[in-house]
Amino acid sequence: MHRRGFLAAAARAGLAAAALPAALRVLLDFERALADDGRAAPFPVKHGEHWEDGRVRCLVCPMLCVLEKGEVCFCRTRMNLGGRLVNNAYGNPCIVRTDPVEKTPLNHFLPGRKALSVAIGGCNLRCLYCQNWREAQSEPKDLRNLELPPWKAVQGAVDQEIPLLCFTYTEPVVFSEYVLDIATLGRERGVRSVAATSAYMEPAPLKELCAVVSGFAVALKGFSDDFYRRVCGQRLGPVLKALETVKASGSWLEVTTLVVPTLNDDMAQVKEQCRWHRKALGADTPLHFARFVPEHKLAELPRTPVSTLEDCRKVALDEGLRFVYLSNVAPHEGNRTLCPKCGKVLVDRLGFRILASSLENGACPGCRTRIPGVWA
Amino acid sequence: MKVLRLFALMTALAAPAALADDEEYLKPKKAQEEGSVAGVRDLPALEKEVRALRADINILNLVNGLHLTPHQVVHLLRSAREAKDLLEEAAPPGPDPKALSREARALEEIRRAMLDGKEAPEDSLRDLGNARARRRAPRRTGAEVEKGLAALEDGVEAGLLPTQKEVIRTYKACLVPPKDLRDPVRVGQANDAGPMIRLLERIVEVPADRWEKEAPRIVDRVIEEEQEHRGRLNEVEQAERRAALRAGFEEARAMEAADFGMRKDALAERIEAPDRVHDIVLELQSIAEAQGAPGKTARILLDPRAIPIYQRRLEMLRNAARTPVDLDGVKEADSCKDGHCAVRKDPQGQ
């Protein structure tokens, strides 16, 4: 099929398909084949405005991009296709693999279980230190993709008895329609979904995701608008709002901050972040401080000294946060889950491997304190 | 098992003989300084130097993988120094001018008596015996040293996390550390696939006609590589391994791309070769330790060679903390500044 014809037909098919609930689409065996060049059939974007002059406005992320016909969004996935807002990231993941859920990172969500991870190229941030920049900073059309409709992803997890589907590595916000469909189908088949995201997303589409995604690992990149602008190309405010939205939804939430030497390791700012965290998200929401390793456009910077991460952890614990972890450095005592009441080691981790767990139905076996999380 | 214990002790004892001070190991070597063709001129010295460098790198690999806290490094440094003292007391003392001159005097008296056709004087023989005994006798027995090292090891291990002890337990002596020790897989890191997954990914890419021709050679090559690192296989075992690998590879190739993506991790885990050598080493190690021999912690972390490494590490830990980083070369991230955020225009989409 000619490429233009393929895109138009696919857009029409997508519009029809989008009107169907995910489960029904599966019954109709609606598959979205990739074009010869690996491009997915564009999927209609629900959260958008279509203007009379042919322009469209995307309402998925706080950038609220206005696009002329043919223009591809900052996120590299959504575009104005002949006056319709569509997403080129649907059913065409560039990464599919199984991982321990701890890699998300989620330490209080089915510890030790495997997750089937899926990622499609693109991102609406431009983090200078992006470790998966080859995928995240590319358009899907420029990557080598697999053909994986939602039903097949869910079936793959069911067949292998993998209890979780995970949207990670790139930015699930840019393929949220796909996430929504997989998570909905997965839920019907008893497979839960989790997402690792920067949460640069508008409240309405985010709430939709929260209804079907059971756990979120949100990257709060730093705690100043200046850092977000200079290092990530975005703003802090919408992320804080999104974190509150996720928390209010009842989905499980853990927050991760990658600590980059000099750029966001000011302890006064870390303290401010922890205070906000406690007030807005609660002391029981786990916080991970992750070690920076030179990558992408910050390849010349050194790794974060472990002592800096330890200082961050101490600040967070002093501010009353009860579950503060260190990531990307192992072995370390900051990898363990401790009972906040009696101090007993409940889960001992070596990297993403659980060496020992003494949790009993989500409670400390010593003092019976209930540990917040999703344990079964 | 006695052999293993003896070997462990001998390895530990081998190092301190040349110890003069803590920093000796890190000094530039003479052969290098002179720029001579050292291998030809002084082969034993060069071999010794290579052995020493390998030992240092081995210790460094483990120390790097443990992420020791400054407090732990201080404890290790103190313990390693105590271990060094212990080992030196177990080694025969070096040349002692007084003892040597007593020995020379006794020998001279014996020689003179013999030249004169007389019996060697008993006093001289006794003096000779005493002088030689004093020169050769270690101040501590091997058993005492073992006991002392074991106590030091217990002290060190009491200050380590269970996860650090697990790293030591599973550590294999190496010059190039495995990835998880060198650079632990990070949260959210995509490109961290293990060697077997990477191999499978390459194998599914081989065109059918080439695979048909090359498969047996590829399988044999993999087995050869595995044997190099994980122990030799006999013919029967090789045949079994060949069949298992070939079946796994064919299974991967028969999968659709998406299925392969979803199943490659499980498949790789299933066909991964067991590390027989490492398993045997671990078993022997646990038997030896149960019998009181110094464990891996003592053998590697209490090796006197580790002393300058700990000193340097402490220095680094103190200096690394909060050193401001030069950000001159860091450019601002791309962003949408003027409200028009499109990355490109696709002519096909108009």
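Quick look at the numbers
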{"item": "Among B:A131, B:L68, B:N191 the positive-end extreme of the charge dipole of chain B (Cβ point charges)", "result": "B:A131"}
{"item": "Local electrostatic count at B:G155 - Lys and Arg +1, Asp and Glu -1, tallied over other residues with Cβ under 11 Å", "result": "-3"}
{"item": "Relative packing of B:161-171, A:135-145, which averages over residues the other C-beta atoms within 10 Å, highest first", "result": "A:135-145, B:161-171"}
{"item": "Over region A:330-376: Kirkwood hydrodynamic radius from C-alpha pairwise inverse distances, Å", "result": "10.8"}
{"item": "Volume per residue that the Cα convex hull of region B:53-197 spans, once the total is divided by residue count, Å³", "result": "182"}
{"item": "Positive minus negative residues near B:P184 (Lys, Arg vs Asp, Glu; Cβ under 10 Å)", "result": "+1"}
{"item": "More than 30 angstrom apart: percent of Cα pairs within region A:95-318", "result": "21"}
{"item": "Angle between chain A longest axis and helix A:176-188 axis [Cα atoms, degrees, rounded to 10]", "result": "70"}
{"item": "Separation of alpha-carbon centers, region A:256-309 and region B:42-57, rounded to whole Å", "result": "43"}
{"item": "Region B:199-350 shape via C-alpha gyration tensor axes, a/c threshold 1.5", "result": "oblate"}
{"item": "Packing-based order for A:246-257, A:167-178, B:283-294, A:114-125, using average beta carbon neighbours within 10 Å, highest first", "result": "A:167-178, A:114-125, A:246-257, B:283-294"}
{"item": "Calculated from backbone phi, Karplus (6.51, -1.76, 1.60) coupling profile of region A:63-78 in Hz, x at Gly/Pro", "result": "5, 6, 4, 9, 10, 6, 4, x, 7, 9, 5, 3, 6, 6, 10, 8"}
{"item": "Expected-Rg normalisation [2.2 N^0.38 Å, Cα atoms] applied to region A:87-184", "result": "1.04"}
{"item": "Alpha carbon convex hull of chain B, volume per residue in cubic angstrom", "result": "307"}
{"item": "39 Å tail of the calculated P(r), the protein assembly as shown, as % of Cα pairs", "result": "47"}
{"item": "Helix B:43-66 axis, angle to chain B major axis (alpha carbon atoms, nearest 10°)", "result": "50"}
{"item": "Cα-Cα over 26 Å, subset of A:K103/A:K314; A:K46/A:K221; A:K314/B:K165", "result": "A:K46/A:K221"}
{"item": "Buried solvent-accessible surface, both chains (A, B), 1.4 Å probe, Å² to nearest 100", "result": "5700"}
{"item": "Shape category assigned to region B:248-323 from the gyration tensor of Cα positions, a/c cut at 1.5", "result": "oblate"}
{"item": "Overall dimensions of chain A by Cα: Rg and Dmax, Å", "result": "20.7, 67"}
{"item": "Number of partner chain Cβ atoms within 10 Å, mean per residue of A:216-229", "result": "1"}
{"item": "For chain A, calculated [θ]222 nm from helices alone, where every DSSP H run of n ≥ 4 adds -39500 (n - 2.57)", "result": "-8000 deg cm²/dmol"}
{"item": "Formal net charge of residues neighbouring B:P95 (Cβ-Cβ distance under 14 Å; K, R +1; D, E -1)", "result": "+4"}
{"item": "Gaussian network model of chain B, Cα within-10 Å springs - most flexible of B:L60, B:L107, B:L302", "result": "B:L107"}
{"item": "Isolated Cys residues of chain B, judged by Cβ distance under 4.7 Å to other cysteines", "result": "B:C174"}
{"item": "Ordering of A:321-330, A:220-229 by packing [mean C-beta count within 10 Å, highest first]", "result": "A:321-330, A:220-229"}
{"item": "Helical mean residue ellipticity (222 nm; -39500 (n - 2.57) per DSSP H run of 4+; nearest 500) of chain B", "result": "-21000 deg cm²/dmol"}
{"item": "Cα-based helix-to-principal-axis angle, B:122-136 vs chain B, degrees rounded to 10", "result": "20"}
{"item": "Separation between Cα centres of region A:325-367 and region B:84-114, rounded to whole Å", "result": "59"}
{"item": "Average partner coverage of A:301-308, which counts Cβ from other chains inside 10 Å", "result": "5"}
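The values are calculated or read from the model by the stated rules, or taken from the named source; none is laboratory data. Just so it is clear, the model here is predicted, and its values are computed rather than measured. Here the Cβ is made from the backbone with ideal geometry for all residues, glycine too, and neighbour counts use every protein chain on show. Accessible surface is based on the protein model in full, side chains and every heavy atom, while ligands, DNA and RNA are left aside. Shrake-Rupley method; radii C 1.70, N 1.55, O 1.52, S 1.80 Å.
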